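To keep things clear, I will list the structure first and then write my remarks on it.
The values are calculated or read from the model by the stated rules, or taken from the named source; none is laboratory data. In this text, all values refer to a predicted model and were calculated from it rather than measured experimentally. For neighbour counting, all protein chains shown are included, and Cβ atoms are generated from backbone atoms with ideal geometry for every residue, glycine included. The area values use the complete protein model at the heavy-atom level, side chains included, leaving out ligands, DNA and RNA. Shrake-Rupley method; radii C 1.70, N 1.55, O 1.52, S 1.80 Å.
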Amino acid sequence: MSQIPEAATAVVFDKCNGPIRVDKSHKVVQPNELAPGEVLVRVEYTGVCHTDLHAHKGDWPVPPKQPLVGGHEGAGRVVAIGNGTTTTLKEGDAVGIKWLADSCLNCENCREGQEATCPLAETSGYSKDGSFQQYAVSFARHLTPIPEGLPLEIAAPILCAGVTVYKAIKQSNTKPGDFVVISGAGGGLGHLAVQYATAIGLRVVGIDTGADKKKLLASYGADIFVDFKEHSGDGALIEEVKRVCGGVGPHAAIITSAGGAAYNDALEYLRPHGTLVAVGLPPDTYIKANVFFTVFKALRIVGSYVGNRQDAVEALDFAARGLVKPMIVVEPLANLASVYERMEKGQVAGRIVLKCFD
Ligand code: NAD
Ligand code: ZN
């Protein structure tokens, strides 16, 4: 068994909006303290998702546990397995800690493969401590095996951003050749959505702002970029999106932006029978759909919440085959507070991944 210290580094906040502390003597759960079903993971890399920032700000109707170690894009190795756990995992295996930490696997939702909506679901870095630490406890039945050969820092962003957008595309009712708008295309989720969509043959229109994000998206073959700041006011964005999608708008719009404005525009620019896939989670935001036009244009509005265990395996497989490659900047774990500041200002293109050990 690997050497497991009594204490290690974790990044913690005691209360939403309170200070973010780097705790270098955070207790590590010891192998004999693991319950059946639990696994101790030595986390090597962890992506920073905008959801972690929402959790710190207490943005959502149900607040997170407090104090909280956030993080749900953890990639590391199994170092201990609780006695009495039935699993094929072994010490040393590369595994991913995703948002959905656990679900019962036995309710109607779980049996249908809709594990995220299990009434007993637990979430990493929200209802349970997550991956912003060197040693994290998670659940054997929801850890995702990471293909050998895929670098762990590349796997990390797939575990939330990747699987979420991969699933959202599955829900978008599109076929190869269709136009899909990715709104928030330069962010963590969006830049991966562009790559998955391109990989399966969709024609991608990215909406975001700034030269950096435009350049990033062009490198992935996103056919068209619309800068939302250059087309603000009086329906200008709606007209531009319709124009670049054959004059009639896209077949689907996947909204991965963390701001609310993008939702209502999408209902206006979608073509008849178009699908709005809601992914981004801005606080206190409502989709205002005019009933007449929703019916008259036969629109679909779909909420998409992460993905199941199989979606996670499939999403990682795209990365292992080199079809999808997260654009990452690696920084030390202690930088979390500074990453949140940059993310809040929309300054992060792609994903920042934190390295948990020096
Ligand atoms: P991010 O901060 O990395 O990216 C958001 C992007 O949206 C930025 O590039 C920003 O410039 C862009 N943006 C802001 N306003 C915009 C607008 N009006 N139009 C177009 N683009 C705009 O965030 P992220 O980590 O990619 O997360 C995005 C959102 O998705 C968050 O709200 C997060 O909580 C949510 N999320 C949802 C799920 C799910 O299961 N549904 C899973 C993970 C994350
Ligand atoms: Zn996330």
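Ordered by residue, what ³J(HN,Hα) values in Hz, to whole numbers, does segment 52-59 give under the Karplus form 6.51 cos²θ - 1.76 cosθ + 1.60, where θ = phi - 60° and Gly and Pro are x?
My calculation for segment 52-59 gives 5, 5, 4, 4, 5, 7, x, 6 Hz in order.
Taking H placed 1.01 Å from N in the peptide plane, check which residues at least 5 places from VAL28 or on another chain put their amide H under 5 Å from its amide H.
Amide H to amide H, under 5 Å and 5 or more residues apart or across chains, VAL28 pairs with ALA7, ALA8.
Give me a comma-separated list of calculated 3J(HN,Hα) values for segment 183-196, in order, Karplus coefficients 6.51, -1.76, 1.60 applied at θ = phi - 60°, integers in Hz, x for any Gly or Pro.
These are the phi-based 3J(HN,Hα) values: 9, x, 5, x, x, x, 5, x, 5, 7, 4, 4, 6, 4 Hz.
Rounded to the nearest 20 Debye, what is the dipole magnitude of the chain about its Cα centre when Lys and Arg each give +1 and Asp and Glu each give -1 at the C-beta?
The dipole magnitude comes to about 480 debye.
For the chain, with every protein chain kept in place, what is the accessible area per residue (1.4 Å probe, Å²)?
Per-residue value: 44 Å².
For segment 250-317 and segment 107-149, what is the separation of their C-alpha centers, rounded to whole Å?
Segment 250-317 and segment 107-149 have Cα centres spaced 24 Å from each other.
Quantify, in whole percent, the carbon and sulfur part of the accessible surface of the chain (1.4 Å probe; protein heavy atoms only).
That share works out to 52 percent.
Rounded to the nearest 10 degrees, what's the angle between the helix 309-320 long axis and the longest principal axis of the chain, both from Cα atoms, 0 to 90?
With both axes taken from Cα atoms, the answer is about 80 degrees.
May I ask you to derive the FRET efficiency for ALA289 and ASN83 from their Cβ-Cβ distance with R0 = 41 Å, giving the value to the nearest 0.05?
0.20
For LEU100, which sequence-distant residues (separation of 5 or more, or a different chain) have an amide H within less than 5 Å of its own amide H, given hydrogens modelled in the peptide plane?
Long-range HN contacts for LEU100: SER124.
Just how much of CYS104 is accessible, in Å², when a 1.4 Å probe is used and the result is rounded to the nearest 10?
30 Å²
Put LYS297, LYS170 in order of accessible area, largest first, 1.4 Å probe: what do you get?
Ranking LYS297, LYS170 by accessible area, largest first, yields LYS170, LYS297.
Can you sort MET343, MET327 by solvent-accessible area, 1.4 Å probe, largest first?
Heavy-atom accessible area, descending, gives MET327, MET343.
Which one, THR256, GLN310, ALA320, is farthest towards the positive end of the dipole of segment 231-321 when Lys and Arg carry +1 and Asp and Glu -1 on their Cβ?
GLN310
Cα to Cα, under 20 Å, and not fewer than 8 places away if on the same chain: which aspartates and glutamates meet these conditions relative to LYS242?
Correct list for LYS242: ASP178, ASP208, ASP223, ASP227, GLU230, ASP234, ASP265, GLU268.
How large is ³J(HN,Hα) for each residue in segment 105-111, as worked out from phi by the Karplus curve 6.51 cos²θ - 1.76 cosθ + 1.60 (θ = phi - 60°), to whole Hz, x for Gly and Pro?
Once rounded to whole Hz, the list reads 6, 10, 8, 4, 4, 4, 4.
What order do ASP223, ASP265, ASP284, ASP317 take when sorted by accessible area (1.4 Å probe), most exposed first?
Sorted by accessible area, descending: ASP284, ASP223, ASP317, ASP265.
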